[in-house]
Amino acid sequence: MIEELLQDLRARPDALVFLGRDRITRAEFADLVWTFAGGLRARNPRNVALVARPGPATLAFALAAVGMGVRLDLVDPRGGTELVQGRLEAAVPDVVVAEPWLRFALKGPGWLRRPLGLPDWRIWPEVVAIDDVGGAQVRRFALTPEQSALCVFTSGTTDDPTGVVHSLASLDAGFGMVASLFDAHAEGPVVADTFFAMLPAIALGLPVLRPASRPAALAKQLRRWRPSHTYLTPPRWRALLAAGGTVTGRTFAGSAPVTAELLGRLRGAGASEAWGVYAMTEVFPVAAVESSNKDADDPLGDHAGRLFDGVEARVEGDELILAGTSMAPRRVDGSWVDEVPTGDLAHLDGRELWLRGRTKDMILQGATNIYPGLYEPRLTLDGVDVALLLGIPGEDADERLVLLAQPTGAPGDLERRLIRRARELGLRLDAVVLDEVPTSGRSDKPDRAAARALVQERLA
């Protein structure tokens, strides 16, 4: 897919690649790619860290890096300065390419960096603004399936960031899987702010529109443009729906747990199809499920859907183990990856996958091991956005079983209904806390550590 896109950049030169404030034609986008390729040839780096948000310039730069055989180390600046610093130290880039404002801050004097909470990144050999990367255009690329194309970091700690390196072949496989969920003949744009949705859309000839950050502005944006596909994280979907937003076409929720309740609300808000996508940094994507096939009360667990063609999965000791064509074959430290232990408890029936929680999230109550992921989807009742089961240290070896639920509106009798539902599932709750569920990371996943701290404070 990537090679074909690079070879066909000037096809339909007047067609739009990005809409809205990012408006750019395929001809203009091609010029960006070729100019960035020229700049990379002049510098001749082995790997380049891109510290920038997804957009026309950054996507063009990413394609140029892949085309020139340069490994791109993708570092999202929205993760915070400590995370960025840890990932740069792990990747050891020859060049750091950043958004202009960030480059100015990174290389600026201490009086500027310190108020912004920025570390001293003057130690890096070269930090340049993406606008300053350029050279005599390069229009011919030599690609190999095995080349190291993209390094992406998992959501680990700042002290021990884990980077996985996708080859061109694994990227192509993953992008092809995502593209299989799209309607190539659709007329509306694709709303997305992640490379993994943007590039398949462009390869299919669908224009991209970056979503507004504020829910009210996003709602207005979706009403105006009536997108054919929209890809957002669950927290952003919930914020949009809370703001009264409506949707069109196919919707996709990923990067964090996706409940049947959320997919149902998206269908109710106008989506023709509502998909939950299960993916990992190491294997992107893994499986997908449409709302009509997802049961909120499924006794097998959280139905993640059907595995994509090319994904290999098995369950060993209740843990999901993955491999396949979309798996990153290497780590940033140079070691090879044969398969990926996910840390997810799972059930497989042929190619259908159910998730039952995380191995590390097990709660001990008496002689019973409770895996939250098996129950949380079934506790996401009407009026609940997110439900987390948490183990809070008790006076003895047991943990107190507490449910933290984020209401969609006025709670009413929600607490009573949750307690009753828990009893039906065989759970003995020690407390129910109704509050907003903390999130963290670039994907806004529920932060269980922060949730435990919140619950402990509320129950003190």
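Throughout, read-outs are computed from the coordinates displayed, never taken from laboratory work. Since the model is a prediction, treat every value here as computed from it, not as a measurement. Backbone-built Cβ (ideal geometry, glycine too); neighbour counts: all protein chains shown.
Points to keep in mind about this one:
- Degrees, to the nearest 10: 26-43 long Cα axis against longest axis of the chain: 80 degrees
- Residues whose placed amide H lies under 5 Å from that of Asp447, excluding near-sequence neighbours: Thr439, Ser440
- Cα-based equivalent ellipsoid of segment 362-459: semi-axis lengths in Å, sorted from largest, via gyration tensor: 19, 17, 13
- Value of relative contact order over the chain, rounded to a whole percent, pairs C-alpha under 8 Å and six or more apart: 10 percent
- Rounded tilt (10° steps) of 168-179 against the dominant C-alpha axis of the chain: 60 degrees
- Cleavage-rule hits, trypsin sites (Lys or Arg not before Pro), segment 1-100, DSSP coil, Cβ neighbours within 10 Å at most 15: Arg10, Arg23, Arg46
- Phe18 long-range amide H proximity, modeled H, under 5 Å: Ile24, Val208
- Local electrostatic count at Pro407 - Lys and Arg +1, Asp and Glu -1, tallied over other residues with Cβ under 10 Å: -4
- Restricting attention to the chain, lysine pairs at least eight places apart or on different chains and with alpha-carbon atoms under 27 angstrom apart total 4.
- Helices in the chain, meaning DSSP H runs of at least 4 residues, each add -39500 (n - 2.57). Divided by all residues, the mean residue ellipticity at 222 nm is -9000 deg cm²/dmol.
- Equivalent ellipsoid dimensions for the chain as semi-axes, Å, which come from the Cα gyration tensor, largest first: 38, 25, 22
- Nearest 10 degrees, 0 to 90: helix 448-459 Cα axis against the chain principal axis: 40 degrees
- The chain - share of DSSP beta bridges that are antiparallel (%, nearest 5): 60 percent
- Relative contact order (%) - criterion: Cα under 8 Å, at least six apart; region: segment 362-459: 23 percent
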